[in-house]
Amino acid sequence: MTGSSILGLLLVWGLILAAGRNAPLTGWRRWAVLGLRLAGVTLLLASLKGYSTKRQEAQPVRVVYLVDQSASMAGARTEWAARRVASLEALRPSKVQRSLMVFGEEAVVPAALGAWQEPEQLLPAWRAAPIDRSGTNLERALFATLSSVPERAPLRVILLSDGRQTRGELERTIRSLAPLNVAVFPVLVPPPARRQGSAVNARGISWEQLSVPPVVKRGAAVPVTLVVRNDADRPQGCEVTISSAGVPLLQRSFTVPAGWRVVTLSVPALSVGTLPLAVEVRNASDPAPQRRLAYVEVEGPPRVLFVMAHPTALPPLAMALKRREMELAVRSPAELPTDLAGWLDYDAVVLDQVPKSSLTEPQVDALEQYVRRVGGGVVVVGMGGELGQELTHAAPLDRLLPVQFEPAGVEEAKRRVCMLLLIDRSASMMGPRIAATKRAAIELVNQLAPEDLVGMLAFDTVPYVVAEVQPARQVSAQLVEKLVHLKSVGGTDLYPALTAARDRLALSGATVKHAILLSDGLTPVNLPEYRALMQELQAQHISISTIGIGAAFINAELLQWLATGTGGTFYQMRSLDDLPTLVARDTQSALSRLPFAEGYFQPVRAGAATWMRDTNDWPVLKGYLASTAKPGASVELEFRDERRGPTAHPLLAHWLVGQGRVAVFTSDADRRWSPDWVRWPDFERAWGELLRMSMRPRASEELFVRVEPRGSGRELVLEGALEAPSVSLVSSEGRQLLPLALAQHGPFQWRAPVDHVADGWYRVLIDSRIQPDPASGSAVTANAIATRWVQIGSPRLERGELPPLPSDELLLRRLAETTHGAYDEPDRAFVPPTAWVERPWPVRNVALPLMLLLWLVEVALRGRTML
Amino acid sequence: MHLLSPWALCWLGSLPVLVWLWRFAAVKRQTRVASLVPFEALLRRPPTRRTRPPLSLLFWLQALVCALAAWALAEPVVVGRTTHTTLIVLDTSASMGAVRRGASAFDRAKRALTAHVASKPLTERVYVVTSAPVQVLTPTPLSDPGDIRAAVDSVAVSDLAGQLSVAAKVGEAVIGGPPDATVVFTDEPAPADATRSVTFRSVGGAAPNVAIVGLESDEPLCLPADAVKSTAASSTSDAAPGREGAATVRVTVQNFAPQSQPVTVEVARDRRRLARQRVTVEAGARTLVAVPLPRAGPGQYDVRLDAPHDALAVDNHAVVSLGGAGRRAVRVVTHDQEFLRAVGRWLDACPGLSWSASDAGEADDLLVTDDPAAASRASASTLLISDGSAAAVPAPPKVVYWLVDSTHLLGRYLEPIQPVPMALPPSQAPGPLSGVPVIWGIADGERIPLLLAAEEQGRRLVTLRLDPRASPDAVPIIVVFFNSVQWLARASESTTTGTPLLVGPLAPGEVRVERPDGRIILVQHPGGVLRYDRTDRAGVHRIRSAHGVIERTVNFLDPAESNTIAVGSTWDAAPTTARAAAARTPVRQPLSPWLIIVMLVLVVVEWVYYARRRRREPR
């Protein structure tokens, strides 16, 4: 009792007691009458309050026949349903009350129903029922049965339908029916049977299913698969049109044999983003098309920001990445963004031979945010600029790198070859000999690798530099020009030229130091000097080949002594035409003395390496930047040199910075230090793999998104290698955004209920949303990691009710199970014929009669005092 | 006016009784006189018995009360014109239990509802529907604010998620058409697209909360190979199920608060704390808390969460079942060695399964067989792999298009339509097929059911109509094989509030369901699997039957409801019922309350009149 009720009761009692002091009664009668009056008043108040108790009572069950009369049920199906109802009526116990409703878009009780056990008498009333037959709304029909029952009696619904709803969302409301004491007993109305030998069915082709992949790569073909069924006994023509945003992409006509067929058509995925597809199927004998919608997400390749110091021609690394289907954007360091938003379009950043000092502090800050918060990947390849400066001075980029470069840390393979061509300018070199010499010089350079060193000295009494010792690639273009200007003068002194050659060859540090002397040998000889020179040449491992060239006499003895003493070869030239050949032959001979890979660096896999485990043989490198891995960095490839002790220099090292990864390749990916890598068949594959391991995770490769039943409801399931994902649904019109509450249910599985989401197509945005930066106060929103389209609820046909439509038996089964009914067993609705129902029984039904009795007793006790 | 219980008018028989009492009283009346001398002549005559009662105002008051009582018992109602009908939707979802400033949202909602109905006109009819579970509190409309209040007082917050739109639809169905007004009392914000006739009374507000939103209680059916190795290395026996070993409970905790919070997660068993982890969860963040249990035998473990700012209590507790470090047993029954070899290869790929080719085994072992007779005899859940051809040599595989029902668990990870190389089974099965087709195969113009799922009496049966010998390496076939094993083992099913409990099979008879809220539900069970739908309370449900006691846990894991800091709207502005399915029931205004009020007044007036009247007369 509430306070007000108690107060009211006390008030009335007070009145009774106060008035009762003057009651003309004495003794026990007085108290009895007073008590009876108080009791009567109390009973009246209790009746007024409406107190009630619950009482179980047996109530006859009420059965409602709910018959689908939408357009898809016309003809034979309605007749079948009428016969079924009539047969059930014959089984119905008399105690069970029944009624009938027909429905399409809404449900009504048909008027003027005839005898229920005569199907022919049911049909006219059904057909005349004023309902909209252009749709099937099971949800509305089932709710309508609730209102047809005046009391909340147990209700059993025998539903005769094909289950194919075109309106309403029964799946969402299905579990609300059971607590309302409604049990549904669905009966699937079968489709009309195919008749042998019949004429072509006017609606012979039915379109059962449509399937498209959830995601494709840009440029790939989108397979659109249709399952069709031809109910006729002979093939029928069919036309399929696939369009997107109103633009026809494909129109194809084909013949469907009798029975079931799967047809696959392809349309191109030309641009990145959502590709909405509208698929229409026209039957040759049915003018109205059937239409369905589907959505495909087209993803582009990974986007890589390729940073070069001087963006001109793309280096081999960039070309390799492009061939691995990565989209490259090339920038110089000055063009790099200074805020995070500018980096978000990219999945990875490659700094190729970029001086680390060229990145400013704001740029590095933004880059760090990109890596740390977005999970972007950075790969630093080599180092550009003045290495002496770059390696010895700190730069903002240093804090991101997993290695610490050593100040004197350039390890470069020794030069392979240093060749010098010594040309005697004495009077003997004139006319055609110059031309021959030019050809010989060109031959010499052509034999060399671009990085091999070559120089040219001319001499008479003193040496003159024609071309200083330099890489062959730099000298070839100039050589011809310089030789043209070579003039012949008088006098020859070989000794200064040889010493000059000796000095240059000694300084080159090459493995093979060789000179080719073109001279007639007519020179003053100071034997002790020459012997000393010979010893020095031998000590320096400098070889000299000599080619006697002269108008008449040559000092072959000297020339031979020089060649033999240094390990070279003396050539006696017979004609000028032999000169280039001799030079080439001698050059080859010198090159053949090179040891295999001597001076090159062989990368080996580090002990704890996990990347590229299927690659065992790595090409050698000619140089790298010596560095030390920082604590926490993982080394994949390294150089080990016993001469340096146990410490190895990393070639490829990486570490995690926040959610992203920074990797450093301490050599270059170019011809200077990595010519063998560039020529390596696996060059593209290795670098592509390295980039993919470093770049921001592209979760779309292994990502499953689906809608699953959960009890009587449904939930969105997300499976993939994700970290703390968040998901939002966007309606197909793009207007509604619904964030979903994901909860992790396994290492790679998240689930979110979608019971509250209306049926339809939805775009699922899978996001790693960036939290607002507390320091800057601005919120930055990242693009979604991946996008998928899902269909929630049953597929809706765009066409409507025209048969033949496939049945939805599963929906009917779910309906039976959820409401404690039974599928295809409608006679069970009659059993038992009564049900125990708990009903409220008002206390008034006892209180008032009791009050009346007490009233009469009181009157009797008062007796003649009332007169 | 109509009388709903006209037989109650027999209480009008009290009127003659009243009349007789008055007459009797009149007969017995005495008059005192000073002397009998003037009345001696009268005394000599026999006294005249009064034939009519001495009717007075008192009599008529009493008679009126009797008549009114009889009339009230006859339940008179006045059928009148349609009055204003209001549908009240009361949100009883779990989030309404969030406490803010000492009061829960549900308490505030009830107060607001009470205040709303107190000010309404008496002619207005009110229907009240709750959202979680959807329940019609007032099957017949109420007008009296007290009655409405009483109906609302009988309701409490549930541990379910609610759908306001569905509750409104049910209400409309009960009314028989759209109401004149709908008032929704909820903690959800009013949607932007609500129609004018719908009024939202939002009683919620941002309340910080920390919740358990995920619980990794399902041990995977197939363990990663290296996890199995480490498990085997740490336990003394890796083949015996139920042995104690190290286990880890993984709890996903989400902080629905604008500030970071220290959160303590405890795991206990039989009220004894076993382990505890403390973490700091950032504002709005979700964290996986791994709580290692050094020694964990099979059984149920309580997981509790504690945080300083926590508005909702229901999401702070969950129960996880650990099965120990054992493996699921599977028996393969067949006489075909090739079949055994093919299926064995598949089963060997899953270290979480322990299989044997034996007819004997435990009753609850999963059975994989190609023998329909063995499948029909088995009491355990069974996977029948047979194309029905009984061919000694499998037919050469051809491309068959699979049409997959993606809504069924058996259709996971498969494309809706995909080509699969397999030997096509005969279109006509040798015997009846039981179950719902989940996968159809299309080839040669025919559509053939390939995968059927059935469940009866708690036993599940999957029929896979193909020959595994023909294409043992086809990925879709392997996927569907493991989907079937997982579904048969119920490996991925956990019960949360709102999902039905399936227990059994149980023998026919009375079954007692002891709910976590203390209520006991008695069910007359016809036998078989008991399906209990009213899982609107999280906690342990005990089912007592002739079999003994079975405990089942229902957890509350609903991040949408736990999010009390940014409550979303579940209102779906779908069109309401356009036309009434039947004529609206006429408005019935009961007169009994008015009659009782009049009776009360008359009773008091009669008493006062009786007492005062007598006082005026000389004694």
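Give the separation of the Cα centroids, region A:824-843 to region B:168-218, in Å. A separation of 32 Å, based on Cα centres.
Each residue was assigned an accessible area with a 1.4 Å probe, and for A:Val109 the value is about 80 Å². Shown for chain A: lysine pairs separated by 8 or more places, or found on different chains, whose C-alpha atoms are under 22 Å apart, numbering 9. B:Met1 exposes around 120 Å² of accessible area when a 1.4 Å probe is run over every protein chain in place.
Couplings 3J(HN,Hα) for region A:323-331, derived from phi with the Karplus relation 6.51 cos²θ - 1.76 cosθ + 1.60 (θ = phi - 60°), are 6, 8, 6, 10, 8, 9, 10, 9, 9 Hz, where x marks Gly and Pro.
Using a Förster distance of 41 angstrom, determine the FRET efficiency expected from the C-beta separation of B:Ala313 and B:Arg612, and round it to 0.05. Show your work: numbers first, answer last.
Details: r = 60 Å, r/R0 = 1.46.
My answer for the efficiency is 0.10.
Tally Lys/Arg at +1 and Asp/Glu at -1 over every other residue whose Cβ is under 14 Å from the Cβ of A:His310; what's the total? Cβ neighbours under 14 Å give a net charge of -2. Could you work out the local net charge near A:Trp561, counting Lys and Arg as +1, Asp and Glu as -1, over the other residues with Cβ closer than 14 Å to its Cβ? So the environment of A:Trp561 carries a net charge of -1.
Bridge orientation summary for region A:237-385: considering DSSP beta bridges with both residues in this region, about 60 percent are antiparallel. Taking the DSSP beta bridges with both ends in chain A, the antiparallel portion is around 60 percent. In the context of the full set of protein chains, residues of chain A present 42 Å² of accessible surface per residue (probe radius 1.4 Å, heavy atoms only).
With every protein chain in place and a 1.4 angstrom probe, the accessible-area ranking of A:Glu536, A:Glu684, A:Glu733, A:Glu297, largest first, reads A:Glu733, A:Glu536, A:Glu684, A:Glu297.
Projected label points at B:Arg272 and A:Ala74, each 7 Å from Cα along the beta carbon direction, are separated by 7.5 nanometres.
For B:Arg542 and B:Met1, calculate 0.36 nm times their separation in residues minus their Cα-Cα distance, and state this gained length in nm to one decimal. If you can, show how the numbers build up before the last one.
On the way: separation 541, 0.36 × 541 = 194.76 nm, distance 5.10 nm.
Working it through step by step, the gained length comes to 189.7 nm.
The three principal axes of the Cα atoms in region A:38-170 give end-to-end lengths of 72, 33, 23 Å, sorted in falling order.
In whole angstrom, how long is each semi-axis of the equivalent ellipsoid of region B:501-554, when you take the square root of 5 times every eigenvalue of its Cα gyration tensor and sort them from largest down?
Working: eigenvalues 60, 22, 19 Å².
Each semi-axis is the square root of five times an eigenvalue, giving 17, 10, 10 Å.
Aspartates and glutamates within cross-link reach of B:Lys398: Cα-Cα under 20 Å, excluding same-chain residues under 8 positions apart? In chain and number order, the partners are B:Glu338, B:Asp387, B:Glu415, B:Asp444, B:Glu446, B:Asp467, B:Asp473. Taking every C-alpha pair closer than 8 Å and separated by at least 6 residues, the mean separation divided by the residue count of chain A gives a relative contact order of 16 percent. Of the residues A:Thr523, A:Thr312, A:Thr834, the one with the largest accessible area comes first in the ranking A:Thr312, A:Thr834, A:Thr523, computed with a 1.4 Å probe on protein heavy atoms. B:Tyr532 contributes an accessible area of around 20 Å² to the protein surface, as traced by a 1.4 Å probe with all chains present.
Just from its helices, what would the mean residue ellipticity at 222 nm be for chain A, if runs of 4 or more DSSP H residues each count -39500 (n - 2.57) and the sum is divided by every residue, rounded to the nearest 500 deg cm²/dmol? Could the numbers behind the result be given before it?
Working: 19 runs with 238 residues, N = 867.
It lands at -8500 deg cm²/dmol.
Buried surface for the A/B pair, taken as the accessible area of each chain alone minus that of the pair with a 1.4 Å probe, is close to 8400 Å² in total. Backbone amide hydrogens, once placed in the peptide plane, bring A:Ala606 within less than 5 Å of A:Leu637, A:Glu638, excluding anything fewer than 5 places away on its chain.
Net charge dipole, region B:328-488: roughly 140 debye, given to the nearest 20, about the Cα centre with Cβ charges of +1 for Lys and Arg and -1 for Asp and Glu.
Spacing of the modelled spin labels on A:Ala341 and A:Gln59, each 7 Å from Cα toward Cβ, amounts to 6.4 nm.
Ranked from the most accessible area to the least, with a 1.4 Å probe and all protein chains present, what is the order of A:Arg585, A:Arg229, A:Arg21?
Numbers: A:Arg585 135, A:Arg229 45, A:Arg21 175 Å².
Result of the area sort, largest leading: A:Arg21, A:Arg585, A:Arg229.
Counted residue by residue at 0.36 nm each, then reduced by the alpha carbon distance between them, the extension gain from A:Ala556 to A:Ile6 reaches 183.9 nm.
Extending 7 Å from the Cα toward the beta-carbon at both A:Arg399 and B:Glu551 defines two label points whose distance is 5.4 nm. From the largest down, chain A spans 174, 88, 39 angstrom on the principal axes of its Cα atoms. Determine the share of region A:49-182's accessible area contributed by carbon and sulfur atoms, expressed in whole percent, with a 1.4 angstrom probe. The computed percentage sits at 50. For region A:205-295, the convex hull drawn through the C-alpha positions has a volume of 81 cubic angstrom per residue.
The values are calculated or read from the model by the stated rules, or taken from the named source; none is laboratory data. Because the structure is predicted, anything quoted here is derived from the model rather than measured. Note that we place each Cβ from the backbone using ideal geometry, even for glycine, and neighbour counts take in every protein chain shown. Areas reflect the complete protein model, heavy atoms only, side chains present, ligands, DNA and RNA absent. Shrake-Rupley method; radii C 1.70, N 1.55, O 1.52, S 1.80 Å.
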